[in-house]
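What follows is a short report on a single structure.
The values are calculated or read from the model by the stated rules, or taken from the named source; none is laboratory data. This is a predicted model, so every value here is computed, not measured. All Cβ positions, even for glycine, are placed from backbone atoms using ideal geometry, and neighbour counts span all protein chains on display. Keep in mind that these areas ignore ligands, DNA and RNA; they rest on the heavy atoms of the full protein, side chains included. Shrake-Rupley method; radii C 1.70, N 1.55, O 1.52, S 1.80 Å.
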Amino acid sequence: HYSRRAGRPFVGISAAAIPGPLLESELFGHEKGAFTDAKERRLGKLELAHGGSVFFDEIGDMPPELQVKLVRALQERTFERVGGHELIRMDVRVLAATNRDLEAMMKDGRFREDLFYRLNVVSLSLPALRERRQDIPLLAEHFLAKYADSLGERVIAPDAMDRLVGHDWPGNVRELENVIQRAMVMAGTGVVMPEHLP
């Protein structure tokens with residue numbers, strides 16, 4: 001909110017959700033005729049984020065051959081669209097997230113060391129949900145509010161909240177969100193009780 005990039009584009013991309021061959025086109029864009037279905041020029045996420053920020057979700061799942069191209073783009077601050085020859089300048093802040101141990105992946109040769117150090121300027125580590133149980137009631141209330149429009153307003157009974165806080169949450173916040181959404185459906189109306197929890 002306070003940076004010179006405030007109000008500029010914020011573009012997210014999931015390295016895990018898009019197959020490798022398509023991910024390159026998503027990142028860098030492509031020219032018309034670059035491949036069979038390239039019927040027109042398409043701008044990539046890096047170009048769309050120019051002046052703002054790009055967020056790589058699950059960066060640890062990015063294919064190694066694309067890691068090389070991303071390192072070069074980040075280092076040179078330029079790239080070419082797939083099938084193109086024009087150098088496109090970029091000015092982006094890069095944010096990345098992963099649930100993987102990138103340092104272990106580097107040792108195994110599955111994540112490029114040069115990309116790791118390009119990305120790891122400032123590192124924030126978010127502990128597992130089981131290590132910050134005080135956040136569970138706040139997150140549960142957030143998810144109740146998030147789904148209130150579609151599922152109706154609910155509250156969580158104190159004994160149900162105790163069960164939520166006592167669970168280890170191997171799936172972390174995504175698992176908690178799923179459980180709250182399911183409990184809202186199972187409760188029907190009013191109050192989420194322990195029997196509405198899995």
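Summary table below
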quantity: Degrees separating the helix 172-187 axis from the principal Cα axis of the chain, which is the longest one; calculated: 50 degrees
quantity: Helix axis angle, 64-76 relative to the chain longest principal axis, alpha carbon, degrees; calculated: 70 degrees
quantity: Area of Asp135 that stays accessible when all protein chains are in place (1.4 Å probe, Å², to 10); calculated: 40 Å²
quantity: Per-pair calculated FRET efficiency, R0 = 22 Å: Gln75 and Asp101 via Cβ, rounded to 0.05; calculated: 0.35
quantity: Residues with amide H under 5 Å from that of Ser53, placed H, sequence gap 5 or more; calculated: Phe10, Val11, Arg93
quantity: Set of lysines near Lys45 by C-alpha distance (under 18 Å), chain-local residues within fewer than 8 positions excluded; calculated: Lys32, Lys69
quantity: Additional length obtainable on full extension of the chain from Leu48 to His142, 0.36 nm per residue less Cα span; calculated: 30.8 nm
quantity: The chain: relative contact order in percent, alpha carbon pairs under 8 Å with at least 6 residues between; calculated: 16 percent
quantity: Surface/4 estimate of mean projected area, convex hull on alpha-carbon atoms of the stretch 76-141, nm²; calculated: 7.7 nm²
quantity: Computed Kirkwood radius, in angstrom, where 1/r is averaged over Cα pairs of the stretch 21-112; calculated: 13.9 Å
quantity: The chain, helix-only ellipticity at 222 nm - DSSP H runs n ≥ 4, -39,500 (n - 2.57), divided by all residues, nearest 500; calculated: -12000 deg cm²/dmol
quantity: Compactness of the chain - radius of gyration and Dmax, Cα, Å; calculated: 21.1, 63
quantity: Label point distance in nm, Asn178-Ser14, each placed 7 Å from Cα along Cα→Cβ; calculated: 1.2 nm
quantity: Rounded, prolate or oblate (a/c below 1.5 giving rounded, otherwise prolate when a/b exceeds b/c) for the stretch 93-198 by Cα gyration tensor; calculated: prolate
quantity: Alpha-carbon centroid distance for the pair the stretch 77-91 / the stretch 47-69, whole angstrom; calculated: 14 Å
